[in-house]
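Please read the structure below before turning to the comments.
The values are calculated or read from the model by the stated rules, or taken from the named source; none is laboratory data. All figures in this text were calculated on a predicted structure; none of them were measured in a lab. As a convention, Cβ positions derive from the backbone with ideal geometry for all residues, glycine included, and neighbour counts pool all protein chains shown.
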Ligand code: NG6
Ligand code: CA
């Protein structure tokens, strides 16, 4: 009897052993979620040094995953960064990859390689929930019909999006190319050129607004908020700004619950803390910092809820979460919302100089974390990595071939196994570019304003060369261009090898 039991046990144990070695060789493909914030700064997370704000849920990803201190978006504004993230191509290669109006056509071609297409090649289900801002249709979109091409045509099986930004028309959600909740008897029209007759605007009807515009943002009024762009109709389909975060969270959770049987890639692109900052009433006043702080706490809460769902569905240990932001922070960005007045001691960019729209580091250096419970060991990494690298790195993880133009395989850095990231990176703000390699960054001379349109952010533009050692001088206070001409020449040569020699508007005659 005893012998029989131990024999059976031995058999079970050895079977288990065989099974576990197979699993180790062929582990189930992990789900991948990219959580992407809008205008969140390098210093906006408590895990990245914020003391005046607490972001406990984002901090879990940072403190229990790999927290990058040199993680970059490709650009200091939204559309180009999202273009880089999804295509693996530097946005300056595509002149259309600039901040787009809500009526702009799609700027990714349906033939292009994309992150979701790569995942599909590996057998994944793919989805986007949240902000798109890469254009829709092929020009002159009829918002009452099937809007195509869009996210579905560039690799997303499922798409639940806001077209451009929260401050731009159309202020409706779009589900797989159709305006969600549209009443056909109340068709939508959108224009970025002129108003529709009889429609109030922020400019002419300030009495109808509950949020005051500061710069631009004085066209159609929706929910008391004046926007960029005009729209008419579509009453029933208009989103509720204060419910947007909950709404997107619900869609992301629902997606996870409905797709858990097979591996999925979910791009969850939250709208915070971009303007208009419209926290749900339960977050109003929570930060003591006005709406900008409140919506950061709101976003943090949503991320916590989303993680709970992954846990409840038993997916947390088989899901890689990549967290980042599309560009650096901005306070005043078009509305009077107390972002400056109530900031107190908070430093959204941390020690970095500049912010959104800036060639200085705070424009593009952003919170960047990779979390994979049970697989990744917590670590702070100073490897140089960029969002553009997700394409080649994830392809490497899944053993898929991709056409990777500028994307580099930095998988071992992303999972914390190596300190080695990429060697060099071209960074962008507006139509201007700079170059980073190792600890050094070089900003070539440009003509242009030293302060951004809102007069609050240094653009980093100068008619002289700038050279900084970011390790010794993260706040970019000491321009070493004159002191170290050798280094400057070295960087310039490498930069021109990638960028060509016609990069500077000082060079154009
Ligand atoms: C700018 C808007 C700004 C913001 C930005 C896009 C004005 C004066 N400013 O043109 O408010 O909407 O575009 O931000 O209209 S981004 O994060 O999507 O790039
Ligand atoms: Ca942005």
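Looking at (1) within 16 Å of ligand 1 (Cβ to nearest atom); (2) surrounded by 24 or more Cβ atoms within 10 Å (Cβ to Cβ); (3) more than 17 Å from the chain's Cα centre (by Cα), which is the only condition residue 80 fails? The one condition residue 80 does not meet is (3).
Taking the conditions (1) over 18 Å from residue 136 (Cα atoms); (2) within 16 Å of ligand 2 (Cβ to nearest atom) in turn, residue 168 satisfies each one other than (1). Return yes when residue 165 is in contact with a helix residue (DSSP H, G or I) (Cβ under 8 Å, 6 or more places away or on another chain), within 25 Å of residue 246 (Cβ to Cβ) and at pLDDT 95 or above and no when it is not. Considered against the rule, which asks whether it is in contact with a helix residue (DSSP H, G or I) (Cβ under 8 Å, 6 or more places away or on another chain), within 25 Å of residue 246 (Cβ to Cβ) and at pLDDT 95 or above, residue 165 comes out as yes. Each residue in segment 379-396 was checked for being touching a helix residue (DSSP H, G or I) at 6+ places or on another chain (Cβ under 6 Å) and either without any contact (Cβ under 8 Å) to a residue 40 or more places away in the chain or assigned to a loop (DSSP other than H, G, I, E, B) (or both), and 3 of them qualify.
Of all positions in segment 483-499, none carries a residue that is modelled with pLDDT of 95 or more, part of a loop (DSSP other than H, G, I, E, B) and either in the same structural domain as residue 77 (by TED's automatic domain parsing) or in contact with a helix residue (DSSP H, G or I) (Cβ under 9 Å, 6 or more places away or on another chain) (or both). Being away from ligand 1 (no atom under 14 Å from the Cβ), crowded, with 21+ Cβ neighbours inside 10 Å, touching a residue at least 12 places away in the same chain (Cβ under 8 Å) and not in a helix (DSSP H, G or I) is a property that residue 255 lacks.
Within the span defined as segment 192-203, one or more residues are buried (at least 22 other Cβ atoms within 10 Å of the Cβ) and under 28 Å from residue 296 (Cα atoms). Of all residues in segment 28-42, none are away from ligand 2 (no atom under 16 Å from the Cβ), more than 15 Å from the chain's Cα centre (by Cα) and within 30 Å of residue 345 (Cα to Cα).
When residue 86 is tested against the conditions (1) more than 16 Å from residue 164 (Cα to Cα); (2) within 16 Å of ligand 1 (Cβ to nearest atom); (3) not in a loop (DSSP other than H, G, I, E, B), the lone failure is (1). Filtered by the rule that a residue be surrounded by fewer than 19 Cβ atoms within 10 Å (Cβ to Cβ) and assigned to a helix (DSSP H, G or I), segment 412-462 gives a lone residue, 412.
Candidates in segment 266-298 are the residues that are within 20 Å of residue 67 (Cβ to Cβ) and in contact with a strand residue (DSSP E or B) (Cβ under 6 Å, 6 or more places away or on another chain); of these, the one that is farthest from ligand 2 (Cβ to nearest atom) is 268. In the set 291, 273, 329, only one residue is within 16 Å of ligand 1 (Cβ to nearest atom) and farther than 25 Å from residue 134 by Cα; that residue is 291. Among the residues of segment 204-217, which ones are in contact (Cβ under 8 Å) with a residue 40 or more places away in the chain, in a loop (DSSP other than H, G, I, E, B) and crowded, with 16+ Cβ neighbours inside 10 Å? Of everything in segment 204-217, those that are in contact (Cβ under 8 Å) with a residue 40 or more places away in the chain, in a loop (DSSP other than H, G, I, E, B) and crowded, with 16+ Cβ neighbours inside 10 Å turn out to be 211, 216, 217. Applying the set (1) within 15 Å of ligand 1 (Cβ to nearest atom); (2) over 15 Å from the mean Cα position of the chain (by Cα) to residue 91 leaves exactly one unmet item: (2).
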